[in-house]
Amino acid sequence: MFRLLIFSVFLFFSFESRSQTLPIFGAVTKKKSSNTQSDAFNASTKGQYIVISNNNVTVSSSYPTPGHTWNTVYGDEGITSGIKEWEITINSFYNSGSNFWELIMGVAYERTQGNSVFNSGCRGFGYIAEIGKKNTTTGSCGSQSTYGDAYGAGDVIKIQLNMDNGQLTFFKNGTSQGVSHTLDTNKTWYLAIGIGNAGTSVSITG
């Protein structure tokens, strides 16, 4: 009787121990990599006030607020075919009284305007933050025309470049703003970000 009691107690605690550990093994899953960035910023193409950080995926400016001066930085990858997408998260946004664009994001075929804005001389085309417009395709391409919604801190902008038909499209928080420009598919295009001052920062997040 005594031996039977000891054996029963052993079985009870053995069962309890296993019942507590089984869910732990069942919950183990393989952790996915968080490195899903589509590109990185190229330090050799940046303007003098551009600051690159966070393993080359975050950019800001060192130019002091409330002033504004354009500086540009470009991506590493040159796009010549297929469909390329970049996801850009706006970490912070500063509205300077001396400029009504503040931030423009898009693509350019020349990476020569580091100390200016990338659309200068029609070298690039993009989506303007403060007023939600796009830069024009006439003159020096430095004016703006109607396009989509304004965007700012906390927003996620997807840039989609379709080299099959040359269409450049922007998405704000998952909603398409429509085709903004039709580009020359014989050129090589790069991600381009123009920033006005230290109050604005963006990151490549996808």
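The values are calculated or read from the model by the stated rules, or taken from the named source; none is laboratory data. Please read all numbers here as calculations on a predicted model, not as lab measurements. Every residue, glycine among them, receives a Cβ derived from its backbone with ideal geometry; neighbour counts consider all protein chains shown. These area figures cover heavy atoms from the full protein model, side chains too; ligands, DNA and RNA do not enter into them. Shrake-Rupley method; radii C 1.70, N 1.55, O 1.52, S 1.80 Å.
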Which numbered condition Gln37 misses (of (1) at pLDDT 95 or above; (2) touching a strand residue (DSSP E or B) at 6+ places or on another chain (Cβ under 6 Å)): (1)
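Listed here are the residues, each with its yes/no results for (1) in contact with a strand residue (DSSP E or B) (Cβ under 8 Å, 6 or more places away or on another chain); (2) within 14 Å of Leu103 (Cα to Cα).
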{"position": "Phe118", "(1), (2)": "yes, yes"}
{"position": "Cys122", "(1), (2)": "no, no"}
{"position": "Gly142", "(1), (2)": "yes, yes"}
{"position": "Val156", "(1), (2)": "yes, yes"}
{"position": "Lys187", "(1), (2)": "no, no"}
{"position": "Tyr190", "(1), (2)": "yes, no"}
{"position": "Ile195", "(1), (2)": "yes, yes"}
{"position": "Ile204", "(1), (2)": "yes, no"}
Could you please find all residues in the range 179-190 being open to solvent by 30 Å² or more (accessible area, probe 1.4 Å) and out of contact with any Lys or Arg (no Cβ under 8 Å at 6 or more places or on another chain)? Val179, Thr182, Asp184, Thr185, Asn186, Lys187, Thr188
For the range 146-155, state whether one or more residues are of a type in the set (S, T, N, Q) and either assigned to a strand (DSSP E or B) or in contact (Cβ under 8 Å) with a residue 40 or more places away in the chain (or both). no
Among the residues of the range 133-178, count how many are farther than 23 Å from Thr89 by Cα and either open to solvent by 60 Å² or more (accessible area, probe 1.4 Å) or in contact with a Ser or Thr (Cβ under 7 Å, 6 or more places away or on another chain) (or both). 12
Taking the range 101-145, which residues are under 18 Å from Ile50 (Cα atoms), acidic (Asp, Glu) and free of Cβ contacts under 8 Å to residues at least 60 places away in the same chain? Glu110
Residue that is farthest from Ile52 (Cα to Cα), among those in the range 67-97 that are in a loop (DSSP other than H, G, I, E, B), modelled with pLDDT of 95 or more and open to solvent by 40 Å² or more (accessible area, probe 1.4 Å): Ser81
Total residues in the range 98-117, condition under 15 Å from Gly142 (Cβ atoms), β-branched (Val, Ile, Thr) and either open to solvent by 60 Å² or more (accessible area, probe 1.4 Å) or modelled with pLDDT under 95 (or both): 0
When you check Ser203 against the structure, is it touching a residue at least 12 places away in the same chain (Cβ under 8 Å) and either assigned to a loop (DSSP other than H, G, I, E, B) or among the hydroxyl-bearing types (Ser, Thr, Tyr) (or both), yes or no? yes
Among (1) part of a loop (DSSP other than H, G, I, E, B); (2) out of contact with any Asp or Glu (no Cβ under 9 Å at 6 or more places or on another chain); (3) of a type in the set (Ser, Thr, Tyr), where does Tyr127 come up short? (1)
Which members of the range 156-182 meet the condition of being under 21 Å from Thr136 (Cβ atoms) and in a loop (DSSP other than H, G, I, E, B)? Asn165, Gly166
